[in-house]
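Visitor: My structure is below; once you've seen it, I'll send some questions.
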């Protein structure tokens, strides 16, 4: 045995420690709860010089998987971590990697697949990976997360397949436990061994082609080889378990069980529920019931022989799934257990229960209730924890009356056209105070959050009916916690990566219904709200919508990070800013690249209207909102972006946010301008008004950037200032040019 030390850590922390000790070359990732802490911890280690891992923050999980694949092909040792819809978004990349036989390790921190949106634990995400050609290991404890991550890489490189290590989100990923790790990174690396490339990609004397086009019979031969590799895992993995036991003193097998040897009632489940079920089994044993429980450490290849042997003496078996394979008569675990027993002629009764969805707590009493369900009739899956709803009726209807066009057409705003440009008139702060808020009071945003401020300014002068689509993000989460909603107008949610396309479909079907006389005619403003990095992962969808010219308005509240997952860097985060994935330390000064200029990207798509706005200039904000809405109704896609304060993660004072936003405008980090019909016009020129300040003055107002104001990072701040000045000079030149 090699020397080990004690850690009091969570599953995510132990996964990061394992990755650091292994010495991976590269991690491509995208933040998603509850797996994000792995990348956060590795970034902190990198900032302090504890690892030289290349951490690449992709703009979405699909690209993260591509980054990992490319690095694997290039001969690197590669690591990834994801959850839920992130896994599904990247799904098409996983068979590519297994089909071309390039090893890597990916942690899947299990979480509910939406919709409706939920960030809590179940296994609905992992089951989509079953047919991707990846061996899948499952850890039910924090200790196993560490151990199986080490074993997974050995397995991956021995059978030439990518391997997934799965564990329960929040239960295993976030709960801290006392566990052990090897004291020396060298011991880990010695056990893992040197990386051996099967076919070096960068051998220019012997060039290779990876990912050829194949027809039959070549493709079936490829699939047969993949099948053989997966079957090889059945032989390789027990040997690796034995090796690891010598190294660590901890024993593993494909199955783990408690009191299964004489169990008449046997419960089989996955993940953290296993330890809870052991407590229930001990209680039942004291009552004289022959109960037992088992879990699987390996889902692929499925241990059918071991399952059959395990169930041989049982009279009844309960397969408990934390997901359902809808319409198949049970969850995936139960279906595979039944198939394994049927193939071996077993007559044992197997029942199925679906439990613990949406992260429901699971204690010993719940486990006993699952055992009790074994005595019922029927083979279809039972759902544990279903609560019958009550039909509520109210003579008074909604708490707040819906906002019809009769209530929002105040007649305060007038729009005219001159030389092909839209000119709004009558917009004043006092003149728009009577506009009822589409976003009702009662949302759950943090004090000082800029999102409600910006949304209310956006909608304050738009008198037409509004249909809202929110991408996932803080704005959506704090306003639609079931069964309440903060919206008094039609509202739809879809995920980060597909909001604009979804809204374009909604807008087109509405206009078709209007043409067919199915709904009343009239102008409607279709408005997508995006933020929290939504214009990173959702950029492709937004650009596609813009290029097609759908008549809708895209509004981005730019809070400079992935705030709804705890502030990881986004492409709009200022260069040098501190975040959970851009730490400041001996070897790192924060985010390493410049913020994305989204308005210029959208303007390059040739849409009729692009603008920036800020709460510090409210009348300008409302005028631009009216113009954007007008173009969205009649001409095509419009785009409006506002800088949105996040005091929690900007680490500044909530009562000073308007001043902070004003400083961002005055230092020209966030210039106010519009691009109307291809013509750029500055709305506010701090140089001309004598209010221009250095970017360091803005940085000094926020804890996330205050470190950039010291001598240690003077060169970084000067570089940022030069880039801001360059971008602003270009805007001024365009504004003064007759055609740009």
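Visitor: Can you pull out the helices (runs of 4 or more DSSP H) entirely within segment 397-492 that have at least 3 residues that are touching a helix residue (DSSP H, G or I) at 6+ places or on another chain (Cβ under 9 Å) and within 26 Å of residue 660 (Cα to Cα)?
Guide: Answer list for segment 397-492: 450-460, 474-477.
One line per residue, one yes/no per condition, for (1) within 23 Å of residue 231 (Cα to Cα); (2) part of a helix (DSSP H, G or I); (3) modelled with pLDDT under 95:
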residue	(1), (2), (3)
243	yes, yes, no
250	no, no, no
270	yes, no, no
276	no, yes, no
280	no, yes, no
284	no, yes, no
312	no, no, yes
320	no, no, no
335	yes, yes, no
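Visitor: Which count do you get for residues in segment 340-381 that are surrounded by fewer than 20 Cβ atoms within 10 Å (Cβ to Cβ) and not in a helix (DSSP H, G or I)?
Guide: 14
Visitor: For segment 604-614, enumerate the residues that are surrounded by fewer than 22 Cβ atoms within 10 Å (Cβ to Cβ) and either touching a residue at least 60 places away in the same chain (Cβ under 8 Å) or not assigned by TED's automatic domain parsing to the domain that holds residue 573 (or both). It would help to see each step written out before you state the result.
Guide: Of segment 604-614, the ones surrounded by fewer than 22 Cβ atoms within 10 Å (Cβ to Cβ) are 604-606.
Hits for segment 604-614 are 605, 606.
Visitor: Where residues in segment 2-17 are assigned to a loop (DSSP other than H, G, I, E, B) and touching a helix residue (DSSP H, G or I) at 6+ places or on another chain (Cβ under 7 Å), which of them is surrounded by the fewest Cβ atoms within 10 Å (Cβ to Cβ)?
Guide: Looking at residues that are assigned to a loop (DSSP other than H, G, I, E, B) and touching a helix residue (DSSP H, G or I) at 6+ places or on another chain (Cβ under 7 Å), I get 2.
Visitor: Sort out which residues of segment 199-222 are loosely packed, with under 15 Cβ neighbours inside 10 Å and either in contact (Cβ under 8 Å) with a residue 60 or more places away in the chain or under 30 Å from residue 145 (Cα atoms) (or both), and write them in order of number.
Guide: The answer is 200, 202, 210, 211.
Visitor: Give the number of residues within segment 546-603 that are part of a helix (DSSP H, G or I) and in contact (Cβ under 8 Å) with a residue 40 or more places away in the chain.
Guide: Total meeting the criteria: 11.
Visitor: Does residue 188 meet the test of being farther than 23 Å from residue 67 by Cβ, touching a strand residue (DSSP E or B) at 6+ places or on another chain (Cβ under 6 Å), at pLDDT 95 or above and buried (at least 21 other Cβ atoms within 10 Å of the Cβ)?
Guide: Working: farther than 23 Å from residue 67 by Cβ: yes; touching a strand residue (DSSP E or B) at 6+ places or on another chain (Cβ under 6 Å): yes; at pLDDT 95 or above: yes; buried (at least 21 other Cβ atoms within 10 Å of the Cβ): yes.
Here the answer is yes, as residue 188 does meet what is asked.
Visitor: When residue 697 is evaluated against the numbered criteria (1) under 30 Å from residue 410 (Cα atoms); (2) surrounded by fewer than 24 Cβ atoms within 10 Å (Cβ to Cβ), which criterion, by number, is the only one it fails?
Guide: With respect to (1) under 30 Å from residue 410 (Cα atoms); (2) surrounded by fewer than 24 Cβ atoms within 10 Å (Cβ to Cβ), residue 697 is out only on (1).
Visitor: Turning to a different aspect of this structure: Output the residue which, of all residues in segment 634-652 that are out of contact with any helix residue (DSSP H, G or I) (no Cβ under 7 Å at 6 or more places or on another chain) and in a loop (DSSP other than H, G, I, E, B), is surrounded by the most Cβ atoms within 10 Å (Cβ to Cβ).
Guide: 636
Visitor: Another question, then. Just one of (1) outside any loop (DSSP other than H, G, I, E, B); (2) within 23 Å of the chain's Cα centre (by Cα) trips up residue 620, so point out which.
Guide: (2)
Visitor: What residue, of 681, 658, is over 26 Å from residue 593 (Cβ atoms), assigned to a strand (DSSP E or B) and in contact (Cβ under 8 Å) with a residue 40 or more places away in the chain? Working first, answer last.
Guide: Values: 658 fails: assigned to a strand (DSSP E or B).
Being over 26 Å from residue 593 (Cβ atoms), assigned to a strand (DSSP E or B) and in contact (Cβ under 8 Å) with a residue 40 or more places away in the chain holds for just one of 681, 658, which is 681.
Visitor: Tally the residues that are in contact with a helix residue (DSSP H, G or I) (Cβ under 8 Å, 6 or more places away or on another chain) and within 19 Å of residue 672 (Cβ to Cβ), restricting the search to segment 688-720.
Guide: 8
Visitor: Please go through segment 510-537 and give me each residue that is more than 29 Å from the chain's Cα centre (by Cα), surrounded by 11 or more Cβ atoms within 10 Å (Cβ to Cβ) and either part of a helix (DSSP H, G or I) or in contact (Cβ under 8 Å) with a residue 12 or more places away in the chain (or both), ordered by number.
Guide: Here is the first cut: in segment 510-537, the residues more than 29 Å from the chain's Cα centre (by Cα) are 510-524.
From the residues that got through so far, the ones that are surrounded by 11 or more Cβ atoms within 10 Å (Cβ to Cβ) too are 510-514, 519, 523-524.
Those that are more than 29 Å from the chain's Cα centre (by Cα), surrounded by 11 or more Cβ atoms within 10 Å (Cβ to Cβ) and either part of a helix (DSSP H, G or I) or in contact (Cβ under 8 Å) with a residue 12 or more places away in the chain (or both): 510, 511, 512, 513, 514, 523, 524.
Visitor: Can I ask one more? Taking the criterion of being over 26 Å from the mean Cα position of the chain (by Cα) and in the same structural domain as residue 548 (by TED's automatic domain parsing), would at least one residue in segment 483-497 satisfy it?
Guide: yes
Visitor: A follow-up question, please. Determine, yes or no, whether residue 540 is surrounded by fewer than 24 Cβ atoms within 10 Å (Cβ to Cβ), over 13 Å from residue 58 (Cα atoms) and either in the same structural domain as residue 451 (by TED's automatic domain parsing) or within 12 Å of the chain's Cα centre (by Cα) (or both).
Guide: yes
Visitor: From the residues in segment 301-339 that are within 25 Å of the chain's Cα centre (by Cα) and in contact (Cβ under 8 Å) with a residue 24 or more places away in the chain, which one is surrounded by the fewest Cβ atoms within 10 Å (Cβ to Cβ)?
Guide: So, considering only residues that are within 25 Å of the chain's Cα centre (by Cα) and in contact (Cβ under 8 Å) with a residue 24 or more places away in the chain, the one surrounded by the fewest Cβ atoms within 10 Å (Cβ to Cβ) is 325.
Visitor: Just to verify a result, which residue in segment 156-173, among those that are over 16 Å from residue 276 (Cα atoms) and assigned to a strand (DSSP E or B), is farthest from the chain's Cα centre (by Cα)?
Guide: Among them, the one singled out is 163.
Visitor: Of the conditions (1) in contact with a strand residue (DSSP E or B) (Cβ under 8 Å, 6 or more places away or on another chain); (2) not assigned by TED's automatic domain parsing to the domain that holds residue 482, residue 399 clears all except one; give me its number.
Guide: So the condition that residue 399 fails would be (1).
The values are calculated or read from the model by the stated rules, or taken from the named source; none is laboratory data. Note that the structure is predicted; figures quoted are calculated from it, not measured. Because the Cβ atoms are built from the backbone with ideal geometry, glycine has one as well, and the counts that use them run over all protein chains shown.
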